[in-house]
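Enquirer: For reference, the structure I am asking about is given below.
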Amino acid sequence: MSKKKKKGFSAPEITSNAVGDINVTPLIDIVLVLLIIYMVVTPVMLNQFLVNLPEKTETMDEDDIPDEQLLVAACLDGSYTLKSTKTELPEIVSTLTKKINRKRKKTVIFVDAHPKVSYPQVVKLMDAVREAGKQSRYDVEIGVATLKEEKEFLACSTKK
């Protein structure tokens, strides 16, 4: 007798020839795509962190510094100076505003501080310089003086 096939759905036949190997081709494809993405993105990210530092810096004698250069400093005793003259912050703002307006061009104001001065005191001084720039009609850039040893800091010494 011959077996007749039943119409409709039937359970799949179980075979003992099952393959236990993992197909690694899709895994390799994904890893290669991720590698290419990282290779493309990494140089772009590195360019965002570049800093243009000056190639050479020079120091000038105090006698060679131009009179129109503006230097404000935060002193260790809590006071502030404008061109080595002790001055209060509101007076610094008004004096800087007048000098900036008198120059009639973009001005660089240098900010210096004693090495042991607290950070908030320096921030107050920089805010005062920024405020003077807002009150004037011209652009102002803030230049931060380089770090010094305690004995090299002369910005708060009184003018002769």
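Here is a yes/no grid of residues against (1) assigned to a strand (DSSP E or B); (2) of a type in the set (Gly, Ala, Ser); (3) modelled with pLDDT under 85:
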{"site": "Asn52", "(1), (2), (3)": "no, no, yes"}
{"site": "Glu55", "(1), (2), (3)": "no, no, yes"}
{"site": "Ala73", "(1), (2), (3)": "yes, yes, no"}
{"site": "Val93", "(1), (2), (3)": "no, no, no"}
{"site": "Arg102", "(1), (2), (3)": "no, no, yes"}
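Enquirer: Could we say that Lys116 is without any contact (Cβ under 8 Å) to a residue 40 or more places away in the chain and of a type outside the set (A, V, I, L, M, F, W, C) here?
Expert: no
Enquirer: Sticking with this structure for a sec: Out of Glu88, Glu13, report the one residue that is farther than 24 Å from Pro115 by Cα, of a type outside the set (A, V, I, L, M), at pLDDT 65 or above and surrounded by fewer than 13 Cβ atoms within 10 Å (Cβ to Cβ).
Expert: Going through Glu88, Glu13 in turn, just one is farther than 24 Å from Pro115 by Cα, of a type outside the set (A, V, I, L, M), at pLDDT 65 or above and surrounded by fewer than 13 Cβ atoms within 10 Å (Cβ to Cβ): Glu13.
Enquirer: Select from region 134-154 the residues that are part of a strand (DSSP E or B) and among the hydrophobic types (A, V, I, L, M, F, W, C) and list them in ascending order.
Expert: Val140, Ile142, Val144
Enquirer: Another question, if that's okay. Among Ala128, Ala132, which is surrounded by 14 or more Cβ atoms within 10 Å (Cβ to Cβ), among the hydrophobic types (A, V, I, L, M, F, W, C) and over 13 Å from Ala73 (Cα atoms)?
Expert: Just one listed residue meets the conditions, Ala132.
Enquirer: Let me ask you something else. Test each condition in (1) surrounded by 18 or more Cβ atoms within 10 Å (Cβ to Cβ); (2) more than 21 Å from Asp77 (Cβ to Cβ); (3) modelled with pLDDT under 85 for Glu141 and report the one that comes out false.
Expert: (1)
The values are calculated or read from the model by the stated rules, or taken from the named source; none is laboratory data. Since we're looking at a predicted model, the values are computed, not measured. Note: ideal-geometry Cβ built from the backbone for every residue, glycine included; neighbour counts use all protein chains shown.
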